Amino acid sequence: MASAGYIQDIASQPVMALPVRPEPGEHLRDAAYRAMSQNGFTNSDFALKLAGTRSFKTLSGIRDCTKEEAARLLVVLGIGDDAAATRLSLDNSCQSGRNEMSFFGLELRRGHLATARRVAPLTLRQRNVLKGSWSLRPLSFDLSTMEMLLEKCPVCGKVLGWSRCLGVCFCDHCIDPDYPWRGVVDLRDFPQAKVEVHDEEAFAFLAEVVDPEQTSKLPKRKMDDQIGGLSRGEVFQFIIQIAGRLDGIGRHSNSRLSPISLERASRAIMAWPEEFDALGLDEPGRHDGTKPKPTAIMSLKTDETLSPAVRSLVKERSDKLLRRRLLSRISTLKASPEKGHPGPSDPKRRNFKGELARAAATAGGLHPAEAAVAFLRVNPQSRAVASVVGLPVPQLLPAFENGLLGDFSPLGEREGACRVSPLDTPLIEWVRLRAVEPRPDHTLSLFRAANAIAHMSANRWWRTLAAMEEGNLRFSLIPANSPLLYRIRVHDLDALRMCVSEPEVASPLDLLPLRLDETAQAMGRAPKAIRDLVSHGILPHEPSWADITEMRTHWMFCSEITQAAALSGHSLNRPDIVMARTSAATISAGSTKLWYRADVESCLGLRTSLW
């Protein structure tokens, strides 16, 4: 076949002899491929040589194209003087960030643009043009006809490519041996099956979001205000990630997604938030009948491929669904209380953990302690109370359970209820009333003294606070901006020892994983010190209180040596220098240094704990 060649324009820029104009919905890559075929070139990459592109050398790599390179390619294709077409092509082709590219004005992750050529044979019969939406890797079908896309030659089985151009309708691998410019496999002769549609409106919505042909034709659909404030790119990525979770695919996968998952994900956004909540509550299975991992949908709140605005929306729904999920566990219990258990109106069972504990007796699944901690963590008021007291939420659970930190429901806002200041909780009130005059000879706070004496689990902290409430521990309260436990000074250390030395009862709270900030709060350390301990393998990631206890059984911080000496009636300045002169074993984790507890006791003659 003779080549139509190319001519020179007035600026000495090579231009195709037969210029092309981008068709509606046609991507720049599709237009270039069609132009090369129309002008008789079998090597489609030749157009890129004429345009002098550097960021990509083949049409398959056009997602790395810059706006300047796209402009030169447009000139080569013969459409550089068409302002409208130029703007359209520039908008649908260029890289806009490290991981993003502009696709018809939609900010798209670069990985979503397939490198293979994909076609819908039935559509090609009607129009000899490749559609840009066919190149979206997550979609396996044409959004207009619902025909499955073909990306491998049905004869040779090879993936359709972009480098050799035998026509947009032909396989680029199957060549006539006598006429090397002619393809022998016409893809239009191999129509594909159509996707079974259950929700036409959902697929129409997906097309409105991402299909350039339909986006320009259809009016903007009225959406929930939260979704309406997102860009089309954010909405498309949200749909893709929801569908990926339903298919059990990881967050970074660019695999094809099942049509049924895309359908359900689109409906979840259309009918936001009710349909999205339904996915989170039901954790529906994949199209093949298997189930996604627990909380797979709600894990999107930490998916970095989603915008901060979308992650914020998911977190809001996740928090509300968490309440709804466990409220459903106790709803039947409220209707028919168990025999031998007081009803919800009983003052001793009025708080949420009493309800959850009773619910767990009749409904399996989540442990009530774990459920209670989860609720407290997402409740702003309970977090504020924990911050004022100076302990993480899991260690305060028994105090919450017994109403010592206020009678409010983290299960949801009660009708007519008003928020109570953390400073007005029962604990704060009776601490103010029972505190006596400070004594200058007690320098250790309750937090430091108690932790120097014993492993202060959630139950031990509860017993200590209860003993103070009952008047069995005399204490004073110093003025400071510190949390409450750092302001309390216990006057009778022997009484404190007796309080925390009672036999410990195993608790499921000791096995709950703690977050970084909670671990730092529980140990009275800076978050950086905890990160150092984790990074050096001294503590596991998200350690439990049992893990912390195991570490503290063998190792001491330098400040703990000073506190142990103070409890023994000794004054020890610069314990690091003192210990450096001994043979005590030590380990370092970044700027944090630990000393072996048994060696400290031996070298300094101190009994550092009850362990």
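The values are calculated or read from the model by the stated rules, or taken from the named source; none is laboratory data. Nothing here was measured: the structure is a model prediction, and the numbers come from that model. All Cβ positions, glycine included, derive from the backbone under ideal geometry; neighbour counts span all protein chains shown. The accessibility values were calculated without ligands, DNA or RNA, using every heavy atom of the protein model including side chains. Shrake-Rupley method; radii C 1.70, N 1.55, O 1.52, S 1.80 Å.
Some observations on this one:
- Being in contact with a Ser or Thr (Cβ under 7 Å, 6 or more places away or on another chain), open to solvent by 60 Å² or more (accessible area, probe 1.4 Å), at pLDDT below 80 and not assigned by the TED database to the domain that holds LEU257 is a description that does not apply to ASP64.
- Within segment 242-262, restricting attention to residues that are open to solvent by 10 Å² or more (accessible area, probe 1.4 Å) and not in a loop (DSSP other than H, G, I, E, B), the residue that is modelled with the lowest pLDDT is ARG245.
- Taken over segment 561-597, the criterion of being open to solvent by 50 Å² or more (accessible area, probe 1.4 Å), part of a helix (DSSP H, G or I) and hydrophobic (A, V, I, L, M, F, W, C) is satisfied by ILE577, ALA580.
- Tally of residues being touching an Asp or Glu at 6+ places or on another chain (Cβ under 9 Å), free of Cβ contacts under 8 Å to residues at least 40 places away in the same chain and open to solvent by less than 20 Å² (accessible area, probe 1.4 Å) across segment 151-192: 3
- Close pairs (7 angstrom Cβ cut-off, 6 or more residues apart or separate chains): assigned to a helix (DSSP H, G or I) in segment 31-54, among the β-branched types (Val, Ile, Thr) and surrounded by fewer than 23 Cβ atoms within 10 Å (Cβ to Cβ) anywhere: ALA31/VAL20; TYR33/VAL168; ARG34/VAL20; ARG34/VAL129; ARG34/VAL168; ALA35/VAL20; SER37/VAL168; GLN38/VAL20
- Single condition MET148 does not satisfy, out of (1) crowded, with 22+ Cβ neighbours inside 10 Å; (2) of a type in the set (A, V, I, L, M, F, W, C); (3) under 23 Å from ASP247 (Cα atoms): (1)
- Residues in segment 185-206 that are out of contact with any helix residue (DSSP H, G or I) (no Cβ under 9 Å at 6 or more places or on another chain) and either farther than 27 Å from ILE62 by Cβ or modelled with pLDDT under 90 (or both): 2 in all.
- Filtering segment 193-205 to residues that are assigned to a loop (DSSP other than H, G, I, E, B) and surrounded by fewer than 19 Cβ atoms within 10 Å (Cβ to Cβ) leaves ALA193, GLU196, VAL197, HIS198, ASP199.
- Test for TRP545: is it closer than 18 Å to LEU397 by Cα and hydrophobic (A, V, I, L, M, F, W, C): yes
- Among helices (runs of 4 or more DSSP H) entirely within segment 435-554, having at least 3 residues that are assigned by the TED database to the domain that holds LEU397 singles out 446-453, 458-469, 484-487, 493-500.
- Any hit, segment 501-517, residues being under 26 Å from ASP599 (Cβ atoms), open to solvent by less than 40 Å² (accessible area, probe 1.4 Å) and not hydroxyl-bearing (Ser, Thr, Tyr): no
- Contacts under 9 angstrom Cβ, first residue in segment 377-391 being on the phi > 0 side of the Ramachandran plot and of a type outside the set (S, T, N, Q), partner surrounded by fewer than 18 Cβ atoms within 10 Å (Cβ to Cβ) and outside any helix (DSSP H, G or I), 6 or more apart: GLY390/SER482
- Qualifying residue in segment 316-328 (condition: at pLDDT 75 or above and surrounded by 15 or more Cβ atoms within 10 Å (Cβ to Cβ)): yes
- The criterion of being of a type in the set (D, E, K, R) and on the phi > 0 side of the Ramachandran plot holds for GLU542.
- Listed by first and then second residue, the pairs with beta-carbon distance under 9 Å, at least 6 apart or on different chains, first residue in segment 85-113 and at pLDDT below 75, second open to solvent by 30 Å² or more (accessible area, probe 1.4 Å) and in a strand (DSSP E or B), are SER96/GLU107; GLY97/GLU107; ASN99/ARG109.
- Of all positions in segment 226-241, at least one carries a residue that is modelled with pLDDT under 90 and closer than 18 Å to SER318 by Cα.
Yes or no, residue by residue, for (1) modelled with pLDDT under 75; (2) small (Gly, Ala, Ser); (3) in the same structural domain as SER163 (by the TED database); (4) open to solvent by 10 Å² or more (accessible area, probe 1.4 Å):
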{"position": "ALA32", "(1), (2), (3), (4)": "no, yes, yes, no"}
{"position": "GLN38", "(1), (2), (3), (4)": "no, no, yes, yes"}
{"position": "PHE46", "(1), (2), (3), (4)": "no, no, yes, yes"}
{"position": "ALA51", "(1), (2), (3), (4)": "no, yes, yes, no"}
{"position": "LYS57", "(1), (2), (3), (4)": "yes, no, yes, yes"}
{"position": "SER60", "(1), (2), (3), (4)": "yes, yes, yes, yes"}
{"position": "ALA70", "(1), (2), (3), (4)": "no, yes, yes, no"}
{"position": "LEU73", "(1), (2), (3), (4)": "no, no, yes, no"}
